[in-house]
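Okay, so here's the structure we're looking at.
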Amino acid sequence: MSNLKLEIDNVFKFVSKKQIYSLSDAAKAANLQLENGKGKGNDFLGWVHLPSTTTLATVADINKTANALRTKCEVVVVIGIGGSYLGAKAVIDALSGSFDALSGKRPLVVYAGHNIGEDYLTELSLFLKSKHFGIINISKSGTTTEPAIAFRILKKQLEEQVGKREAKNRIVAITDAARGALRTLADKEEYKTFIIPDNVGGRFSVLTPVGLLPVAVAGIDVAKLVEGAASMEEWTAADVNFENNIAEIYAATRNAIYQSGKKIEILANFNPQLHFVSEWWKQLYGESEGKEDKGIFNAAVDFTTDLHSMGQWIQEGERTIFETVISVAVPKTHLEVPADPEDLDGLNYLAGKRVDFVNKMAEKGTQIAHIDGGVPNIRIELPELNEYYLGQLLYFFERACGISGYMLGVNPFNQPGVEAYKRNMFALLKKPGYKNIVI
Ligand code: PA5
């Protein structure tokens with residue numbers, strides 16, 4: 001079977017292969033720390049061997065719960081924020097049809113608790129009024145304000161629509177084994193629950209029930225996703241040589257580029273379904289590395305769409321960026337540009353060519369232009385967009401992120417900076433315990 005590919009040749013004009021390989025020992029040492037648990041944040045390494053240790057029983061329980069929701073619900077609301085929703089949305093958007101939601105495919109998966117927009121919640125609540133809906137409520141801490149507000153509102157609505165007893169059959173909670181308000185509430189209400197392991201942080205939780213249950217509800221093959229991730233776990237293990245270890249190579253390459261003064265990494269894709277993979281990636285790397293006054297800033301663009309908006313900046317703006325492009329080798333479908341006898345739009349030179357061929361030429365043209373414009377280019381190629389290769393991609397990024405964070409010298413598994421806004425917000429809201437904090 002073919003595999004995900006990493007190409008770094010197009011950074012050598014900016015940082016030499018020698019410079020990158022001079023970081024191979026550091027990358028290897030960092031990867032070993034992920035294995036031996038001797039690095040910073042070592043109580044959050046549960047994700048490292050998650051794919052290879054996910055049991056058939058876990059997958060069966062997830063599929064059984066998903067099927068129960070699929071049978072009862074036209075709409076399933078996934079409540080969560082940050083690591084508690086981005087992984088699920090990334091996979092669901094990548095592997096569902098672009099128009100599934102509009103074409104009436106059921107169940108429809110929608111999201112709440114990832115913002116505090118009053119209009120958003122009101123509109124969602126109105127939409128759900130005439131629907132058979134269920135809720136997957138995800139919060140590791142069980143105390144995050146955004147999902148807590150959404151759950152309080154939607155739980156009440158569900159109970160009013162179907163009665164308290166039936167609502168219990170349509171609510172699943174994913175949270176800590178013992179701690180937090182959501183655990184207390186779920187136990188009291190006797191909801192079906194799944195546990196987020198203590199040693200897996202939110203942004204590394206896509207391959208736990210946090211990501212897998214919503215993905216299974218959307219009808220996606222969870223076992224294949226885990227299988228792909230497990231293959232990447234093997235391939236990026238610390239005992240695999242640096243030359244063959246694509247997670248170590250990616251980590252070393254981006255650190256070499258960072259050291260050369262390029263502080264912004266732009267993740268670009270040429271497939272609109274991958275938009276939320278980039279959102280997930282932004283959180284993974286941004287929250288893991290952006291601390292202690294260090295870290296690459298993570299940005300993302302969808303091409304060719306954003307070539308018509310951010311393309312100018314990328315080509316000619318401040319030369320502090322590098323680019324990592326995700327490319328999918330073969331599309332799921334086949335569509336050709338038709339011939340037109342009149343050729344009024346002048347497109348007959350493309351007649352008979354696949355739309356994907358045009359996309360690939362756009363990718364190649366962009367790569368050449370950006371390299372000419374001073375932008376180092378890393379390229380990741382997926383043979384196809386399916387569960388297996390997406391599982392590989394997710395684990396590849398996680399593994400490389402852990403390695404890269406250790407190479408940078410930070411704890412990649414904490415996020416102390418996220419608390420600053422919450423403390424101020426709670427003080428302003430006069431939350432008990434925060435009333436006397438002066439801001
Ligand atoms: O990666 C993280 O830890 C965060 O993004 C959390 O996932 C996010 O803040 C949500 O937290 P919780 O699941 O505790 O509600």
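The values are calculated or read from the model by the stated rules, or taken from the named source; none is laboratory data. This structure is a prediction, so every number in the text was calculated from the model and none was measured. Here the Cβ positions follow ideal geometry from the backbone for every residue, glycine too, while neighbour counts run over all protein chains shown. These area figures cover heavy atoms from the full protein model, side chains too; ligands, DNA and RNA do not enter into them. Shrake-Rupley method; radii C 1.70, N 1.55, O 1.52, S 1.80 Å.
With contributions of -39500 (n - 2.57) from each DSSP H run of at least four residues, the per-residue ellipticity at 222 nm computed over the chain stands at -14000 deg cm²/dmol.
Taking the protein heavy atoms of the chain in the context of the full set of protein chains, the accessible area attributed to carbon and sulfur is 55 percent at 1.4 Å. Sorting Tyr120, Tyr406 by solvent-accessible area of protein heavy atoms yields Tyr120, Tyr406, largest first, with a 1.4 Å probe. Taking 8 Å as the Cα distance limit and 6 or more residues as the minimum spacing, I'd like the relative contact order of the chain as a percentage. The value is 24 percent. Between Lys17, Lys353, Lys89, the Gaussian network model of the chain with springs among Cα atoms under 10 angstrom shows the greatest mean-square fluctuation at Lys353. Note on the chain: with a GNM built from Cα contacts shorter than 10 Å, the maximum mean-square fluctuation among Met425, Met407, Met232 falls on Met425. A cut-off of 5 Å between modelled amide H atoms, ignoring neighbours fewer than 5 places along the same chain, links Lys353 with Val337.
Across segment 50-225, Cα pairs under 8 Å and at least six residues apart give a relative contact order of 31 percent. Dipole check for segment 128-280: with +1 at the C-beta of Lys and Arg, -1 at the C-beta of Asp and Glu, and the Cα centre as origin, the magnitude is about 960 Debye. With springs connecting C-alpha atoms under 10 Å apart, model the chain as a Gaussian network and identify which of Gln392, Gln415, Gln283 has the largest mean-square fluctuation. Residue with maximal mean-square fluctuation among Gln392, Gln415, Gln283: Gln415. Among 256-266, 77-87, 241-251, sorting by the average number of other beta carbon atoms lying within 10 angstrom of each residue, highest first, gives 77-87, 241-251, 256-266. The convex hull built on the alpha-carbon positions of segment 50-225 has an orientation-averaged projected area of 9.3 nm². Below 27 Å, Cα to Cα, which lysines can Lys13 reach? Residues fewer than 8 away in the same chain don't count. Straight-distance partners of Lys13: Lys5, Lys28, Lys262, Lys263, Lys282, Lys294, Lys360, Lys364.
When the charge dipole of segment 305-375 is built from unit charges on Cβ atoms (+1 for Lys and Arg, -1 for Asp and Glu) and taken about the Cα centre, the candidate among Trp313, Thr366, Ser327 whose Cα reaches farthest toward its positive end is Ser327. A Förster distance of 41 Å, applied to the separation of the beta-carbon atoms of Asn169 and Glu234, puts the FRET efficiency at 0.55.
Averaged over its residues, segment 50-225 has an accessible area of 43 Å² per residue, based on protein heavy atoms and a 1.4 Å probe. A Förster distance of 22 Å, applied to the separation of the beta-carbon atoms of Lys360 and Gln315, puts the FRET efficiency at 0.65. Extending 7 Å from the Cα toward the beta-carbon at both Thr305 and Asp345 defines two label points whose distance is 2.0 nm.
Listed by chain and number, the lysines whose C-alpha is less than 22 Å from the C-alpha of Lys129, apart from same-chain residues fewer than 8 away, are Lys72, Lys105, Lys155, Lys156, Lys164, Lys168. Here the mean projected area of the convex hull built on the C-alpha positions of the chain is 23.9 nm².
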